[in-house]
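Presented below is the structure to which this report refers.
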Amino acid sequence: MTKHPLPEIGYYALAGGTADPRVLIDEAARAEHLGIGSAFISERLGVKEAATIAGAIGAVSSQLGIATGVTNFNLRHPLVTTAHASTMQALTRGRYTLGIGRGVAGSLGAMGLGVATTAELADFAGIVTALMSGDPLVGHDGPAGSWPYLQVRPRPEYSLPLLMTAFGPRSLRLAARSFDAVVLHTFFSDETTRRCVRTVREECERIGRDPSEVRIWSCYATIDSGLPEDVVLQKTVGRLSSYLQGYGDLMVSTNQWDPSVLQRFRADEVVTSIRGAIDTLATPDQLRHIAEIFPPEWLEAAAVGSAGHCAALVDRQFDLGVDGVIMHGSNPDELAPIINAYREIRRPSLHRNLPNNPGASRESDPSVAAVP
């Protein structure tokens, strides 16, 4: 029997990637049975293409919220993206949120694409919102591109919440202006999370938008220490290391960490010997060595420990001002003891009336969520 839903809790589908996407069928069923509110999809362009994965989760679930978390707006034509979103909303009866982000310069550059600017993301959000109204968009010429005529037919029954991921103040303020939800990055310190929440809420107030209309998610690495040691190392030290490989300067500056540690990390012989993502390729011995480079507070920006300890740390995230917590880096079976422990300490008053669409706010209905 499916347990009472926890709309404030999410997980990442196929955490860390997979060679067999069919795993998500049982995984989604398990997540829904546990009462996890939403499944987020981090796109990898192999066998984890976001639109296909989203459709599969939608087809095998009945109440699980679903969001791309995230894809890049310039990977697909805007009409294709909007048609995908409209189809997902019809398939799931309003459980879907389209999430986009700026992207990582290295991987996008290899495809001949650029990292999205603030103006491009805002323009794209407006395009999708306009198309989801069913009206034609004629002669659009803006930062995201130029198109003579775009229209979705038939007129979508559901409007579409939009989500973005954010690091810095420009992205956070954009989320407040043009999006319905924002996902903060993994391994954010408590102070960074508080600061990000404050930035979003203050920008909403500045523009006259109700701050409760923007749903803020903490993406919080949540790892049961009862898992095998090599798995825990891969999900903590390995994952943080891979982020530092991809955009270390941004991670360090956002958290206001010591940049000399990042320099030591980049110069370390073990780190430089690993030709690719550390969380995928490093051995346990290499991960133990890398862990010694990091100050304790870098790895403490995560929930690692017994199920009860992790549940308490997840619950503490709500004291930082977020509306939801994505238990990042673990699959539903790994999260089951933590979810059960969280239910024992859950504060229902914080989560009353949250919808099961991860982009819809406490004050909005998923079918009428709108971008100003």
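Dipole size in debye (nearest 20) for the chain around its Cα centre, Lys and Arg Cβ +1, Asp and Glu Cβ -1?
Details: 33 positive and 40 negative charges, 143 e Å.
Using Cβ point charges on Lys, Arg, Asp and Glu, the chain gives about 680 debye.
For region 164-205, give the percent of accessible area contributed by carbon and sulfur heavy atoms, probe 1.4 Å, rounded to a whole number. Walk me through the numbers on the way to the answer.
On the way: 600 of 1370 Å².
Ligands and nucleic acids excluded, carbon and sulfur reach 44 percent.
Any idea how far the Cα center of region 70-143 sits from the one of region 242-293, in Å?
A separation of 32 Å, based on Cα centres.
Considering only DSSP beta bridges where both residues belong to region 14-165, give the percentage that are antiparallel (nearest 5).
Values: 6 of 17 bridges.
Looking only at bridges with both residues in region 14-165, the antiparallel portion is about 35 percent.
With a 1.4 Å probe and all protein chains kept in place, how much accessible area does residue 84 have, in Å² rounded to the nearest 10?
Probe radius 1.4 Å; accessible area of residue 84 about 40 Å².
What is the helix-to-structure angle for 190-207, meaning the angle in degrees between its Cα long axis and the longest Cα principal axis of the chain, kept from 0 to 90 and rounded to the nearest 10?
Between helix and principal axis, roughly 20 degrees.
Rounded to the nearest 5, what % of the DSSP beta bridges within region 119-261 are antiparallel ones? It would help to have the intermediate numbers written out before the result.
Numbers: 5 of 13 bridges.
Antiparallel bridges: around 40 percent, rounded to the nearest 5.
Using 7 Å Cα-to-Cβ label points, what is the residue 300/residue 47 separation (nm, one decimal)?
4.1 nm
How many percent of the accessible area of region 44-163 is carbon or sulfur, using a 1.4 Å probe?
Details: 2900 of 4830 Å².
Looking at region 44-163 in its full context, I get 60 percent from C and S.
Can you bin region 94-194 into rounded, prolate or oblate? Criterion: square roots of the alpha carbon gyration tensor eigenvalues sorted a ≥ b ≥ c, rounded for a/c under 1.5, prolate for a/b above b/c, oblate for the rest. Working shown, then result.
On the way: a/c = 2.28, a/b = 1.46, b/c = 1.56.
Oblate, because a/c is 1.5 or more while a/b does not exceed b/c.
When ligands, DNA and RNA are left out and all protein chains stay put, how many square angstrom of accessible area per residue does the chain have with a 1.4 Å probe?
Details: 15130 Å² over 372 residues.
Averaged over the residues of the chain, the accessible area is 41 Å².
Taking the Cα of residue 111, stepping 7 Å toward and past its beta carbon, and measuring to each backbone N in region 227-259: which are under 18 Å?
Output list for this probe position: 246-247.
With both partners inside the chain, how many of the DSSP beta bridges are antiparallel, as a percent to the nearest 5?
Values: 6 of 40 bridges.
Among the beta bridges of the chain, antiparallel pairing accounts for roughly 15 percent.
Normalised by the number of residues in the chain, what is the relative contact order in percent for Cα pairs under 8 Å and 6+ residues apart? Don't skip to the end; give the middle numbers.
Details: 730 pairs, mean separation 79.8, N = 372.
With pairs under 8 Å counted, the relative contact order is 21 percent.
Kindly provide the trypsin sites (Lys or Arg not before Pro) of region 332-363 that DSSP labels as loop, not H, G, I, E or B, and whose Cβ sees at most 13 other Cβ atoms within 10 Å.
Working: sites: 343, 346, 352, 362; in loops: 346, 352, 362.
The qualifying sites are 352.
Between 0 and 90 degrees, rounded to the nearest ten: what's the tilt of helix 23-34 against the longest Cα principal axis of the chain?
Result, in degrees: 90.
In whole percent, what relative contact order does region 121-189 give with Cα contacts below 8 Å and a gap of six or more residues? Write out the running numbers ahead of the final one.
Values: 91 pairs, mean separation 18.4, N = 69.
For region 121-189, the relative contact order is 27 percent.
Sorted by average packing, counted as other Cβ atoms within 10 angstrom per residue and highest first, what order do 288-297, 105-114 take? Walk me through the numbers on the way to the answer.
Numbers: 288-297: 14.7, 105-114: 12.2.
Ranking, from highest mean packing down: 288-297, 105-114.
Relative contact order (percent) for region 1-144, with alpha-carbon contacts under 8 angstrom and 6 or more residues of separation?
Values: 204 pairs, mean separation 25.9, N = 144.
Computed over region 1-144, the figure is 18 percent.
The values are calculated or read from the model by the stated rules, or taken from the named source; none is laboratory data. What you are looking at is a predicted structure, and each value in this text was computed from that prediction instead of being measured. Backbone-built Cβ (ideal geometry, glycine too); neighbour counts: all protein chains shown. Remember, those area values only see protein heavy atoms, side chains included, never the ligands or the DNA or RNA. Shrake-Rupley method; radii C 1.70, N 1.55, O 1.52, S 1.80 Å.
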